[in-house]
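Read through the structure below, which is laid out as structure tokens, and then see the notes.
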């Protein structure tokens with residue numbers, strides 16, 4: 001049975017400044033954010049997660065909310081094993097499927113079909129399984145004969161269709177999702193949302209970071225609110241979202257309102 005247990009997990013990053021570079025430029029070029037401090041060796045440290053404790057069991061669907069730099073992506077990557085905790089303990093049971101970067105595992109000179117196979121191999125899917133699902137993936141992408149062509153000939157929208165179709169064809173025990181699809185094609189967006197919901201429904205545990213309230217309400221049964229790397233609140237979706245809106249000085253909003261008005265609308 002899939003499980004995720006984090007006990008007082010903290011993650012710190014040391015920021016090494018290059019010669020002649022200001023702290024501001026260093027932080028702007030870093031992928032981390034959080035509480036900034038100096039250690040005993042006068043190095044700059046960013047505390048990305050601060051004593052985070054969560055327990056997720058089979059059937060849990062956890063949404064992550066918080067402003068930019070709150071620690072959502074760091075938490076996802078820590079669960080995935082990309083980042084090692086600097087303090088605390090983490091235990092994960094079950095096969096993890098992290099969907100953070102759709103471009104990973106794609107070769108511009110290979111065809112769409114061959115890239116689907118490579119993507120599947122990257123995610124640990126057998127050749128036999130992906131071949132059984134190839135027709136479904138091809139139909140979802142609606143790319144037709146383009147799947148026989150090198151993906152370097154694809155537009156950005158075509159690449160998104162290919163990557164999304166390949167990624168969501170697998171079955172995951174633990175599914176970790178960052179906001180990673182933004183399209184202008186309304187018809188495909190609706191189709192992608194349905195596929196994402198079906199994909200998430202096949203997983204034992206889902207953890208998803210999203211700024212879009214409708215996504216959280218549709219996919220999750222609990223929400224974790226992070227600020228500056230520490231847990232503000234975890235609980236039922238309605239309760240946490242309502243308190244979060246109030247804290248952000250937002251009026252009560254329809255369920256499809258973005259939680260971060262300054263962020264371009266992303267959905268899944």
Exercise. Quick check: anything in segment 95-116 in contact (Cβ under 8 Å) with a residue 40 or more places away in the chain, under 26 Å from residue 57 (Cβ atoms), loosely packed, with under 13 Cβ neighbours inside 10 Å and within 22 Å of the chain's Cα centre (by Cα)?
Worked result: no
For this session: Could you please give the count of residues in segment 59-69 that are surrounded by 13 or more Cβ atoms within 10 Å (Cβ to Cβ) and not in a strand (DSSP E or B)?
Result: 4
Exercise. Just for strands (runs of 3 or more DSSP E) wholly inside segment 162-239: which have at least 1 residues that are within 26 Å of residue 139 (Cα to Cα) and out of contact with any helix residue (DSSP H, G or I) (no Cβ under 7 Å at 6 or more places or on another chain)?
Worked result: 174-177
For this session: Check segment 53-62 and report whether any residue there is under 28 Å from residue 189 (Cα atoms), out of contact with any strand residue (DSSP E or B) (no Cβ under 6 Å at 6 or more places or on another chain) and modelled with pLDDT of 90 or more.
Result: yes
For this session: Check whether at least one residue in segment 251-262 is at pLDDT 80 or above and closer than 23 Å to residue 74 by Cβ, and report yes or no.
Result: no
Problem set entry | Which numbered condition residue 135 fails, given (1) within 23 Å of residue 191 (Cα to Cα); (2) in contact (Cβ under 8 Å) with a residue 12 or more places away in the chain | (2)
For this session: Go through the residues of segment 58-79 one by one and say whether even a single one is over 30 Å from residue 246 (Cβ atoms) and more than 14 Å from the chain's Cα centre (by Cα).
Result: yes
Exercise. Looking at this structure, is residue 176 at pLDDT 95 or above, buried (at least 19 other Cβ atoms within 10 Å of the Cβ) and within 30 Å of residue 47 (Cα to Cα)?
Worked result: no
Exercise. Quick check, is residue 127 free of Cβ contacts under 8 Å to residues at least 12 places away in the same chain, touching a helix residue (DSSP H, G or I) at 6+ places or on another chain (Cβ under 9 Å) and within 28 Å of residue 76 (Cα to Cα)?
Worked result: yes
Seminar exercise, completed: The condition of being farther than 19 Å from residue 57 by Cα, modelled with pLDDT of 85 or more and surrounded by 15 or more Cβ atoms within 10 Å (Cβ to Cβ) holds, among 193, 227, only for 227
Exercise. What about residue 139, is it exposed (fewer than 13 other Cβ atoms within 10 Å of the Cβ) and at pLDDT below 90?
Worked result: no
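The values are calculated or read from the model by the stated rules, or taken from the named source; none is laboratory data. Computed from a prediction, not measured in an experiment: that's the story for all the values here. All Cβ positions, even for glycine, are placed from backbone atoms using ideal geometry, and neighbour counts span all protein chains on display.
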